[in-house]
Structure formats: structure tokens, C-alpha cells
1. Would you please put 130-136, 240-246 in order of how densely packed they are, using the mean number of other Cβ atoms within 10 angstrom per residue and starting with the highest?
2. Does segment 320-432 come out rounded, prolate or oblate by the C-alpha gyration tensor, with a ≥ b ≥ c the root eigenvalues, rounded set by a/c under 1.5 and, if not, prolate when a/b is larger than b/c and oblate if not?
3. Can you find, among ALA395, GLY243, LEU165, the residue sitting farthest towards the positive end of the charge dipole of segment 4-397, where Lys and Arg contribute +1 and Asp and Glu -1 at Cβ?
4. Residues in segment 116-143, backbone N under 14 Å from the label point at GLN171 (7 Å along the Cα-to-beta-carbon vector): list them, ranges by number please.
5. Between PHE272 and LEU225, 0.36 nm times their residue separation minus their Cα-Cα distance comes to what?
6. Using the crude model of +1 on Lys and Arg Cβ and -1 on Asp and Glu Cβ, and no other charge, please compute the dipole size for segment 178-318 relative to its Cα centre, in debye to 20.
7. For Cα pairs less than 8 Å apart in space and 6+ apart in sequence, what is the mean separation divided by the residue count of the chain, i.e. the relative contact order in percent?
8. 7 Å from Cα along Cα→Cβ at both ILE55 and VAL261: what's the point-to-point distance in nm?
Amino acid sequence: MPPLAKQPATQNLILYTLIGLGLYTLLPFLLLTIYTHPAADDFSFAVRDRSTDYITVFKEFYTSWTGRYFSTITMFRLNPMIYGSLFAYKLYAAVLISVFAGVLYFFLRSLTERVFNKVWSVALAAVLLTLYFLQAPSISEAFYFFSTYATYQMPHILFMLMLVLVYKLFQANTKLQKKLYIGLAAILCVAIVGSNEMILVVAFTTNLLLTIVNYKNPEARSYLLFLFIVCLAACAVAILAPGNYNRMSDQPNAGKLIWSVAYTGFMTALSFYRWIIPVLAASMVYVVYFGLPLAAKPGRTFNINPWLAVLYFLGTIFLMNFLFAWSTGERPTPRLENVIYFFFILGWFYLLQAFICKYKHTLTTITQTPAILPLMALFIFILSVLHIDSNITTAYIDLASGKATAYNQALNERYRTLQTADCDTCLLPPLPTIPKTIYFADVISGQETDRLTLSRHWINKGVANYFSKDSVRLTEPNPPVISNLHTLRSAGKAELQ
């Protein structure tokens, strides 16, 4: 069989298959934005921000609740539920998904345009996009629930844009251009750091790495040092907020150093166990069709000691897990794991490319590999996407089974009831079904007694305040989330009857 380098037909097949996989991934998530609805904090923070001025909110929350000066305190004022616009709420989600995909392409295109054409760059973006949607721990909190995506997903977009600006810094020909790029990067960095603690760690370690790697570069050193100092100052503002320590005082297991270090080590190792198989399959395709061609003209981006890149990659994941374990004594929640996983993907492929560039002469024999091997890796990757319980399959099933439609209709009816019913204590019917992709949390009934459910009584209070009621609750608990296999079986039986 001819070597891979001599098989342009196979290369084109791979590239267009990856692009098709990316489109297959995006489609259901975009369609599901039609059915998404506000939940939990969306109501309570809407009440806060339509009745309290910004300065008062900043003072109160910064001193008593959180150091997230950009997301929880500032970005939440864009919540469309402040104005009661359900249409805008759905539109926000569609725009977010589209912008995330677009910025991911723009980020990768900026780094690879000297080597790849646009089709190649789209295919690379499709790989990373598919990996993120495939294994993100909580899709609903990443793209459909405003209060969490404003806090945890928007910073991913800002982070990629910041890196593009830093990359443009190295390409700039004049001092004015360099000052403009680094100034914009600094503004984005301040916003990123003030969004959540996980991305704060990523911004800090990334800027530290950029500063160290370019310390002997007189053309970039002063600019990157400026960016790092701005990042450090922003980190101090976010971390030293009195509200952070007020919240920590409510966590009985917080501040236990030995436990936090040991637990963090376990969680870091668990990250690889949970996420590595589809990433490895994609990596095999990446090495042959993206990594080795890119290594032929690596440029400045991947000119790094790969072992320093390993330290950056593992150290950042460790610090993200440690920060949460130390401040709460618990493992990161799914919304926080979304941030860790996003960095895991970007960091993994950056690390992989650093090793490819370092050892490209040794790896040139891979180009003589029979095409069947990367095709098999692509097949494994596709199987991961099509797995019955993958996020992507779940999105399609939520659409095709009617779950999303029933959920949407039930909540629209609930809003009409709350707006028109003359009740102080309003009893609401439970949801008919739970579409896992777009569902986060709901009000609870008076019959639920388990600790986890009762901890959500604040949701009831937020919904009641939003609709100017004394209280709201469900007449009975919501149904459980039904597995995809059970959903398909039920749908099949319904069709046969």
C-alpha cells in the first residue's frame, strides 16, 4: 500500500469526513436552542439586576459572596430575563454556540494559516469542536443556561481571542500595533480572570508560560511582562475578594491542605481516565494529517521545550482541581469540569504538537504507515460520537423523541399560569419529561425530602419572586431523566401501537 504522504485522496477523505462530523455535531445543539428555557439563577439574578443598581450589586456581592467581578457581578446584567424576553434567551444560546465554533476556527486558523488552507483549518477546528461537545461534563450548563454559560463558557471564547491577540503581537511590525494588540489582550485577560476561578488559573499559568518562554526575546519581553503583571493584578482582585472567604466559611471541609493535595492528585489522574480514549483516537488522525505537516513550518508558537509544556499542562489541571478542593473540600461540579475539559483538549493538542515538532525527524516514519491505521483511528472516533450515551447522540434523541418539544410546551404553559393565575402560593404540574441536553434544574415539590433536592429550595424562591408570588412548588416531583436506550425503546413501542 502506498505511504500516507502519497495518498491525497485518502487525505481529502479524512478532512471532509472530519468536517462532516463537525457539522453533524453542531446541528442538534443549534436546533435545541429553540426549546431551551431559563432556570434557577436566571430568575433570581434577573430580579436582583432589574431592581438594584450596578454599584450596589458590586459592593454587596464582592464583599459577601464572590470575587467574580466580570461574570456574576457584570455579565449577569445582560440576562434577557431581566426584560422578560424568552425569544432573546433562546437567541443568546444559538449565538453562543455559533460564536464558540467561529472563534475556535479563527483561533486555529490564526495559528496554522501559514501551513494549512481553509479546508484543512476547518477540519482541525471540527476535531476539537466535536471533542468538546462529545465529552463536556455538562452541556446544559455550557450552552443553554445563561447564568452558567456567562460564567464558564464565555471566558473560553475570550481566552482564545486573547491568545490570537498575543500571536498577532509577534507578527506586528510597529510599536503602535504591538501596543494595540497587548492592550486589547490585557482587557480580555482582566475579563477572563474575573469570570471564574478555574479560568483564572488557566489565564495565570498561560501568561506565566508566555513570559518565561519569551524572556530572552527583546522584541516581545516587555509586552508579555506587562500582560502578566495585569493578569497578576486581576488575579489578586478576584482571589482577595472578601466574599470568597465568607463562602469558604460555610464549607466544613475547606482549607485542608493534605486532603486537598491528595484528592487533587486523584482528580487529575481521573481526568485522563474519563476523557482520554476519544482524544487518543483523534490524536492518531491529528499526528498524520495535521501535526507532521505543521511541524514542517512550526514557527514561534510551538518552539518550546516539550517537557516545559508537560509541566504547564499537568500543573494547570492540578491547580484547577486543587483550588476547588481546597476552597470547598469537594470535587469540581460539572460546570467547573467544563472549564477543565476545555483546557484539557487545547492543552493536550498543544503538548502533542510540541513533541511532534521536537521529534519530527524520528516521527517521519509515520508517513510510511499504511492508511488503514489512521482510518481505523477515525472509525473509533466516529464510534465515540455515535455511542448511544454520548452528548451528541443524546442531543439528537432529545429532539427526535419529542422530549424537547414537550418540555418547551410545558414551560410555556407554566409561564402563562404564573402570569395570569390569582394565587399567592402557586401549585404547578411537574414537567412531562426531561431533555437532558437542555435541562439544568427546576422548582421542587413539597414531597421531596432528600438532601440534594431540598438544597434547591432557593430555585422555588427565585421563580416566586420573579413572578411576584409568595411561593411556588410542584404538585409532585419531576420524572427522572430517562436513558437514551429506554427512550428509543419507548418511542419504538409507541410507533407500533
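Rule-based calculations on the coordinates, nothing more; no lab input. Source: prediction; values computed, not measured. Ideal geometry is used to build each Cβ from the backbone, glycine not excepted, and the neighbour counts take in all protein chains shown.
1. 130-136, 240-246
2. Note, shape of segment 320-432 comes out oblate.
3. LEU165
4. 116-118
5. 13.7 nm
6. 340
7. Computed value for the chain: 21 percent relative contact order.
8. 4.6
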